[in-house]
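Before any comments, here is the structure.
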Amino acid sequence: GLINKYPTSKICVITPLHRLVEENGNGKLIDFVNVVREVAEFYSLPVLDLYANLGINPQVPVMKETYMPDGLHPNDEGYKVIAEKIAAFIKAM
């Protein structure tokens with residue numbers, strides 16, 4: 001729908017980032033991330049893969065403590081890392 005509505009605009013896709021609990025009754029987060037990547041590839045859309053390339057995984061205790069203490073939501077330091085990644089990605093587009 002976005003491509004049809006904005007055919008000359010730059011559109012990108014961003015994957016979700018790691019979280020402490022990556023599996024629940026709805027499936028595994030990695031499966032969702034893979035579908036996001038596949039769909040973006042089908043439409044030739046650039047992907048900012050925060051899941052693979054953010055450098056933050058709350059399953060690593062020091063990363064959890066430093067960037068996302070509740071295991072899901074980034075704190076100010078976590079958001080700084082995300083903002084830097086997004087800014088660099090947009091500049092590269």
- Query: Using alpha carbon coordinates only, what is the Rg to Rh ratio of the range 20-62, with Rh defined as the Kirkwood radius?
  - Reply: 1.04
- Tell me, what % of the accessible area of the chain is carbon and sulfur with a 1.4 angstrom probe? 57
- Query: What FRET efficiency do you get for residue 8 and residue 90 if R0 is 25 Å and r is their Cβ-Cβ distance, rounded to the nearest 0.05?
  - Reply: 0.90
- Message: Within the range 5-31, list the residues whose amide N lies under 13 Å from a label point set 7 Å along Cα→Cβ of residue 59.
- Response: 18-24, 28-31
- Message: Regarding the chain, what's the average projected area of the Cα-atom convex hull, expressed in nm²?
- Response: 6.8
- Query: Rolling a 1.4 angstrom probe over the protein heavy atoms, how many square angstrom per residue are accessible across the range 3-93?
  - Reply: 69
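How high is the relative contact order of the range 40-93, given as a whole-number percent (alpha carbon pairs under 8 Å, six or more residues apart)? All intermediate terms of the calculation are to be shown ahead of the outcome.
Details: 35 pairs, mean separation 12.7, N = 54.
About 23 percent, as a whole number.
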- Given only helices, namely DSSP H runs of n ≥ 4 each adding -39500 (n - 2.57), what is the per-residue ellipticity at 222 nm of the chain, to the nearest 500 deg cm²/dmol? -14000 deg cm²/dmol
- Nearest 10 degrees, 0 to 90: helix 76-92 Cα axis against the chain principal axis: 20
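The values are calculated or read from the model by the stated rules, or taken from the named source; none is laboratory data. Quick caveat, the model's predicted, so the values are computed rather than measured. Cβ sites come from the backbone with ideal geometry, for glycine too, and all protein chains shown count toward neighbours. Surface accessibility is based on the protein's heavy atoms, side chains included, excluding ligands, DNA and RNA. Shrake-Rupley method; radii C 1.70, N 1.55, O 1.52, S 1.80 Å.
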